[in-house]
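The structure appears below as structure tokens.
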Amino acid sequence: MTLFRGTFLDTPDSPFKGAHMRAESDAALVVRDGLIVARGRAAALLAEHPDEDVVDLRDGLVLPGFVDTHVHFPQVRAIGGLGMPLLDWLERCALPEEARLADTTYAAGVAADFVDGLARAGTTTALVFGSHFAGAVDTLFEEATRVGLRVTSGLVLSDRILREDLFTTPERAHAEGLVLAEKWHGVGRTRYAVTPRFALSCTDELLASAGDLMRDVPDAFFTSHVNENREEIEGVRALFGSDYSTSYDKHGLLGPRSVLAHNVHPTRSDLRLLGQRGVAVAHCPTSNAALGSGDFPLGAHLAYGIRVALGSDVGAGSGFCLFKEGLQAYFCQQLLGAEGHRLTAGHLLHLATAAGADALGLADVTGDLSVGKEFDALWLSPEHGNTLDVVLRHAGSPDDALAKAFALAGPADIRQTWVAGTPIRLRR
Ligand code: GUN
Ligand code: ZN
């Protein structure tokens, strides 16, 4: 057993339902076999367990490990392409790099960069958009397993509009997906997600094969993009003659294990359908701003009962850091004025942790630091004297400290992350 001693902040109950963030200072968590088996005042638990190892995390804050619900593995080396809307950015920035992952050796290097980037940012769980190449998806699962992160991912599918070297066929998509799912779905911390790139780049036949794969892989996840960019949405309407979400729904792809990224410009009927199906939406704030996609209508999602969590959307998003995504989510709602949803630091923490765990069907396992959950955590402990350190030392309350963390923290301020009680080793 190990005792972790420090100041713990988490959101076991949702601030979107009126709850307040939980904050306990000089507290301790008792962790056995990766599971939190007790929590309480440090003095009492130390007295109760005098012979156990104690990890002293009092210098800083301990938060649940972050959950990134939308991030592209092949795009880590393409971060930072500015000045283009979605479809130009895909053609000029993202897809040339994605095509390089046909070379599995190259893909393995990208997988190492990617998983290390997640871990450095304090992300312990992610729904990862894989590659168009099965060998590359294998390298991602291998690297995630080696490092110990919780990763759900799958083969990305397209058969029109994009560059042809990324195309598959309905038969190949199904066969390759099945092989990958048999190898990785439910093995250790990895799971399979059926992943058409977006309806714009998929024929009905390919989406139908994705539906078959969902039925053939019990408890598989489904992920894709929806309603991100006006030109894209017009293209989907022209091809399918329907709302964007219906292009997936008619193939049985929408349900409680479906996560759709963006949804910046939904129609009312999209919102109604996503709410009815229990779909979760990955809100990707820096990507939406960088590509000029638009302002996320958070209030409308909440009004329709749609679950919302955060995604970094690397590489259109500007990095792996969910502190930055939380801050940009806050900025976006502020800029919407009366139409924006007022967000506190507690809301941002919830979006970056427990809401993500819920979206990924892992709410029993991770997302907060309650007894019965696995100890997935990050230790925010900035270098002494840096601006975050200064403001944390002068914070008036835990809420104030958390707001300052969202304003200022980056990966360099995270000293350690754990998954199921095991420290994650970074590449040096
Ligand atoms: N839509 C289809 N592919 C992508 C992608 O890679 N990034 C984003 N942001 N949107 C997409
Ligand atoms: Zn994306």
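Only the coordinates and a few stated rules stand behind these numbers; no lab work does. Computed from a predicted structure; not experimentally measured. All Cβ positions, even for glycine, are placed from backbone atoms using ideal geometry, and neighbour counts span all protein chains on display.
Would you kindly derive the ³J(HN,Hα) couplings of the stretch 217-225 from the backbone phi angles with the Karplus curve 6.51 cos²θ - 1.76 cosθ + 1.60 (θ = phi - 60°), listing them in order in whole Hz, with x for Gly and Pro?
10, x, 6, 5, 8, 10, 9, 6, 10
Near Ala289, within a Cβ-to-Cβ distance under 15 Å, what is the net charge of the other residues, with Lys and Arg +1 and Asp and Glu -1?
Numbers: positive: Lys324; negative: Glu228, Asp295, Asp313, Glu325.
Overall, the nearby charge balance is -3.
Using 10 Å bins from zero, what percent of all Cα-Cα pairs in the stretch 190-236 falls into each bin?
26, 48, 23, 4
Please figure out what share of the DSSP beta bridges in the stretch 1-129 is antiparallel and state it in percent, rounded to the nearest 5.
In the stretch 1-129, approximately 55 percent of DSSP beta bridges are antiparallel ones.
Need the C-alpha centroid separation for the stretch 161-221 versus the stretch 236-256, integer Å.
Their Cα centres are 16 Å away from one another.
Quick check on the chain: helices-only [θ] at 222 nm, where DSSP H runs of length 4 and up contribute -39,500 (n - 2.57) each and the sum goes over total residues. Nearest 500, please.
Only helices count here, giving -11000 deg cm²/dmol.
If you scale each eigenvalue of the Cα gyration tensor by 5 and take the root, what three semi-axes come out for the stretch 1-68, rounded to whole angstrom and sorted largest first?
Rounded to whole Å, the semi-axes are 23, 13, 11.
Hey, any idea what the orientation-averaged projected area of the convex hull of the stretch 118-167's Cα atoms comes to, in nm²?
3.9 nm²
To check you understand DSSP bridge types, tell me what percent of the beta bridges within the chain (both residues inside) are antiparallel, rounded to 5.
Counting only bridges with both partners in the chain, antiparallel ones make up about 45 percent.
Any chance you could list the semi-axes, whole Å, largest first, of the equivalent ellipsoid that the Cα gyration tensor gives for the stretch 280-333, using √(5λ)?
Its equivalent ellipsoid spans semi-axes of 18, 11, 10 Å.
For the stretch 6-44 and the stretch 91-131, compute the distance between their C-alpha centroids and round to whole Å.
Taking the Cα centre of each part, the stretch 6-44 and the stretch 91-131 sit 33 Å apart.
For the stretch 194-207, take each phi angle, set θ = phi - 60°, evaluate the Karplus expression 6.51 cos²θ - 1.76 cosθ + 1.60, and give the result in whole Hz per residue in order, putting x for glycine and proline.
After applying 6.51 cos²θ - 1.76 cosθ + 1.60, I find 6, 9, x, 4, 6, 4, 4, 9, 10, 6, 4, 5, 5, 5 Hz.
On each of the three principal axes of the Cα atoms of the stretch 319-428, give max minus min coordinate, whole Å, ordered largest first.
The principal-axis extents, from largest down, are 43, 39, 28 Å.
Using only Cα atoms, what Kirkwood radius does the stretch 30-136 have, in angstroms?
Computed over the stretch 30-136, the radius equals 17.3 Å.
Could you list, bin by bin from short to long, the percent of Cα-Cα pairs of the stretch 87-212 in 10 Å steps?
14, 44, 34, 8
Any idea what log10 I(q)/I(0) is at q = 0.22, 0.24, 0.32 Å⁻¹ for the stretch 171-213, Debye with uniform C-alpha scatterers and no solvent?
Cα-only, vacuum Debye calculation for the stretch 171-213: -0.72, -0.81, -1.11.
Order by neighbour count: Thr422, Thr387, fewest other Cβ atoms within 10 Å first, most last.
Thr387, Thr422
For the stretch 265-319 and the stretch 367-428, write down the distance between their C-alpha centroids in whole Å.
Their Cα centres are 26 Å away from one another.
Place the peptides 286-292, 141-147 in order of packing, highest mean first, counting for every residue the other Cβ atoms within 10 Å and averaging per peptide.
In descending order of packing, they fall as 286-292, 141-147.
Taking θ = phi - 60°, what integer Hz values does the Karplus form 6.51 cos²θ - 1.76 cosθ + 1.60 yield along the stretch 56-72, in sequence order, with x for Gly and Pro?
Those phi angles translate into 8, 10, 5, 7, x, 10, 10, 10, x, x, 6, 10, 9, 8, 7, 7, 9 Hz.
If packing is taken as the average number of other Cβ atoms within 10 Å across a peptide's residues, how do 130-136, 191-197, 396-402 rank, most packed first?
Peptide ranking by packing, descending: 191-197, 130-136, 396-402.
Quick one: order His350, His394 by neighbouring beta-carbon count within 10 Å, fewest to most.
His394, His350
Can you report the principal axis dimensions of the stretch 268-373 using only the alpha carbons, biggest first, rounded to whole angstrom?
Extents along the principal axes: 41, 32, 26 Å.
Once the dipole of the stretch 86-139 is set up with Lys and Arg at +1 and Asp and Glu at -1 on Cβ about the Cα centre, which of Leu90, Phe133, Ala121 lies farthest towards its positive end?
So the residue furthest toward the plus end is Ala121.
For the chain, which semi-axes, largest first and in whole Å, follow from the square roots of 5 times the eigenvalues of its Cα gyration tensor?
So the three semi-axes of the chain are 35, 23, 20 Å.
Would you mind ranking Ile36, Ile414 so that the residue whose beta carbon has the fewest other beta carbons within 10 Å leads the list? Walk me through the numbers on the way to the answer.
Details: Ile36 21, Ile414 24.
Least to most surrounded, the residues fall as Ile36, Ile414.
Using only the alpha-carbon atoms, how far is helix 398-408 inclined from the longest principal axis of the chain? Give it as 0 to 90 degrees, nearest 10.
The angle comes out near 50 degrees.
Counting only residues 5 or more places away or on other chains, whose amide H sits under 5 Å from the amide H of Phe129 once H atoms are built in the peptide plane?
Val71, His72, Phe73
Taking the chain as a Gaussian network, Cα atoms linked when under 10 Å apart, which of Glu97, Glu48, Glu205 shows the biggest mean-square fluctuation?
Comparing Glu97, Glu48, Glu205 in the GNM, the peak value goes to Glu48.
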